[in-house]
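The next block holds one structure in the form of structure tokens; read it before the comments.
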Amino acid sequence: MNQIPNPRWTGPRIKHESTTAAPYGAITVEKVTPIIGAEISGVDLGNPTEAQMAEIHRALAENLVIFFREQHMTPEQHLAFGERFGTLHIHPAAPTEGGHAGLMIIKADRDSPRANGEGWHSDVSCDEEPPMGSILYIKQCPPVGGDTLFANMYAAYDALSERMKAYIDGLTAVHDGEENYRGTYANFGVKDRPAYPRAVHPVVRTHPVTGKKALFVNKGFTRRILDIPLDESTGVLAYLFEHMANPLFQCRFRWRENSVAFWDNRCAQHRAMWDYWPATRYGNRVTVKGDRPV
Ligand code: SIN
């Protein structure tokens, strides 16, 4: 007779990375969780040295999202820091600050119909070449609330069963910006666009720097998996969205004014909590262009 499997084996398994990496010398890196996130100190992002920049690159690759406190960058320094990682991305729909096309306004207050990034997503994954990273500098915080959650998509992929990995490897999915962007920025006087970005990406992508596989579907933009029936796509996406939202893969960042979060959209998703209405939360995001996912 077949053995009935242990019904308590229901959850994903988390693989812990080795912690034997070389120490950092130019910055201090303190992990927020073993899975994702690190707080970096000992650097002024308005004026980093070459040695610090090299270690910031490394810390981002190792931790997927890195946080900095007590930063005092001008808009020009914020843009220049982003440019150290690549060409800046211009958002297809969002309002921008002070005539800088690359400086997106992130703001919610009493009059906002919605806040940015309320559901799990990877920034602008509806672009043909979605951003590699986003650098958010929060300048005004609500008295409490407004945290951002980040989730590790390597860990989410690794924790899938081998059968599920075999099933989704090689599938592609449609990412569409319309539902997310239509009307979102009306309170800034930004008009809707006649066409919103739409792209097809692999469900599992390989990170161009680390070579690791990451789950690359998100609730904000991914609408359907191609080449399978629609009801099957709906069911598989619902499973993947629930799976990736497991708190085991996450960290949560509590903002203070003048904090910066820099996340890698190729392997992490994020979700902003709009739990502070009617208070105001305000800052700017610089977003760095990325490659076509493969
Ligand atoms: C976003 O860029 O998606 C917004 C994140 C946040 O406001 O914390």
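The values are calculated or read from the model by the stated rules, or taken from the named source; none is laboratory data. As the structure is a computational prediction, the values presented were derived from the model and not from experiment. For neighbour counting, all protein chains shown are included, and Cβ atoms are generated from backbone atoms with ideal geometry for every residue, glycine included.
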(message) If I filter region 234-249 for residues that are surrounded by 18 or more Cβ atoms within 10 Å (Cβ to Cβ), within 13 Å of the ligand (Cβ to nearest atom) and not in a strand (DSSP E or B), do I get at least one hit?
(response) no
(request) Give region 64-116 a look and list any residue that's of a type in the set (Gly, Ala, Ser) and either in contact with a helix residue (DSSP H, G or I) (Cβ under 9 Å, 6 or more places away or on another chain) or within 15 Å of the ligand (Cβ to nearest atom) (or both), or say none. (result) Gly82, Ala93, Ala94, Gly98, Gly102, Ala108, Ser112, Ala115
(message) Checking the condition under 16 Å from the mean Cα position of the chain (by Cα) and either free of Cβ contacts under 8 Å to residues at least 12 places away in the same chain or farther than 21 Å from Cys251 by Cβ (or both), which residue from His78, His100, His91, His72 passes?
(response) His91
(request) Output the residues belonging to region 285-294 that are surrounded by fewer than 24 Cβ atoms within 10 Å (Cβ to Cβ) and either assigned to a strand (DSSP E or B) or within 14 Å of the ligand (Cβ to nearest atom) (or both). (result) Val288
(request) Residues being surrounded by fewer than 23 Cβ atoms within 10 Å (Cβ to Cβ) and under 16 Å from the mean Cα position of the chain (by Cα): count how many of those fall in region 261-279. (result) 4
(request) From (1) under 25 Å from Ala151 (Cα atoms); (2) in contact with a Gly (Cβ under 8 Å, 6 or more places away or on another chain); (3) more than 16 Å from the ligand (Cβ to nearest atom), pick out the condition that doesn't hold for Ala59. (result) (2)
(message) Just the residues that are under 23 Å from Arg198 (Cα atoms) and surrounded by 15 or more Cβ atoms within 10 Å (Cβ to Cβ), please, taken from region 96-111.
(response) Thr96, Gly102, Leu103, Met104, Ile105, Ile106
(message) Looking at region 237-259, can you tell me whether even one residue there is touching a Lys or Arg at 6+ places or on another chain (Cβ under 7 Å), among the charged types (D, E, K, R) and modelled with pLDDT of 95 or more?
(response) yes
(message) Looking at Ala61 and the list (1) part of a loop (DSSP other than H, G, I, E, B); (2) touching a residue at least 40 places away in the same chain (Cβ under 8 Å), which single condition is not satisfied?
(response) (1)
(request) State whether the residues of region 241-252 include one that is over 17 Å from Leu64 (Cβ atoms) and touching a strand residue (DSSP E or B) at 6+ places or on another chain (Cβ under 9 Å). (result) yes
